[in-house]
1. Could you give me D for region 40-96, from Stokes-Einstein at 25 °C and 0.890 mPa s, where the hydrodynamic radius is the Kirkwood radius over C-alpha pairs? Units µm² s⁻¹, please.
2. What does the extension gain come out to for residue 92 and residue 106, with contour length at 0.36 nm per residue minus their alpha carbon separation?
3. Got a sec? Charge dipole of region 119-216, +1 on Cβ for Lys and Arg, -1 for Asp and Glu; which of 120, 150, 195 is way out at the positive end?
4. How about residue 125: which lysines have a C-alpha closer than 22 Å to its C-alpha, ignoring those fewer than 8 places off in the same chain?
5. Can you give the convex hull volume per residue for the Cα atoms of the chain, as a whole number of Å³?
6. With θ set to phi - 60° and the Karplus curve 6.51 cos²θ - 1.76 cosθ + 1.60, what are the ³J(HN,Hα) couplings of region 142-151 in order, to the nearest whole Hz, using x for Gly and Pro?
7. Spelling out what I want: for every residue of region 117-132, take phi, set θ = phi - 60°, compute 6.51 cos²θ - 1.76 cosθ + 1.60 (Karplus), and round to whole Hz; glycine and proline get x.
8. Among 14, 179, 47, flag the residue with its Cα farthest along the positive direction of the charge dipole of the chain, charges on Cβ as +1 for Lys/Arg and -1 for Asp/Glu.
Amino acid sequence: MLVTQIIALIALAICFVLLLSHFIRIIRLGKPKDFSEKSGSVAKGVAYANTVAMMPQNKESAYLHIPSYALGILFHIGIFTSILVFFLSFFDFFNQWLCNDSCIHYLIPLVSATGTVSGICLFIKRLINRNLRNLTNPDDYLSNGFTTLFQLATTLYLLMPACLCMVNTYYIITAILLLYMPVGKLKHLVYFFSARYHLGFFYGWRNVWPQKKDAE
């Protein structure tokens, strides 16, 4: 095993422990308490919050920015694919499969490359759009930059698995991302689900979600 792989695994362990601490904190806060009279289904509200409510036409302003919404979807698909590649990269069967299957060899890098381009576009939009720029803080730039760089490194690693320099660079960049994840906005990986639960609980309890037109 390469030294950079060991470093990446150590970073993964640190990341896991810190994210777990965030998760435990959420659990300790307990479920939401609502003192109003219940008129709907919390379960249906939570299910709606994590499915139909995520569609652009049901969000506050996403329907006005469909290209950015689409870029965000592609960006996240690339991130999840790259994370999966990182875990699989420690297994010989995946590396052999990658080398022997030409379709997979180019398909997975295509996904991560698409995510990379999407991340770059979103980053540039933050820079040139005055409204977004005024709302953006350094953490936003760093989070976007690290995840985009991670996907770029994943793409190059998959296309050049025999290049030791590229392999080492890939694991170092991954380690940096993992160490930053629990301290920056990327920790929304944990808080996202609790936020959607609270949202679904609130509107489900009041029989606002699911919307009646969707429930019919």
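Bear in mind these aren't lab numbers, they're just calculated from the coordinates by the rules spelled out. No experiment lies behind these values; they were computed from the predicted model shown. Quick reminder, even Gly has a Cβ in these numbers, built from the backbone with ideal geometry, and neighbours come from all protein chains shown.
1. D, rounded to a whole number, is 175 µm²/s.
2. Full extension from residue 92 to residue 106 adds 3.2 nm.
3. Towards the positive end, the residue furthest out is 195.
4. Straight-distance partners of residue 125: 59, 185.
5. 159 Å³
6. 5, 5, 5, x, 5, 5, 5, 5, 4, 5
7. 4, 4, x, 5, 4, 5, 5, 5, 4, 4, 6, 9, 8, 4, 4, 5
8. In the chain, that residue is 47.
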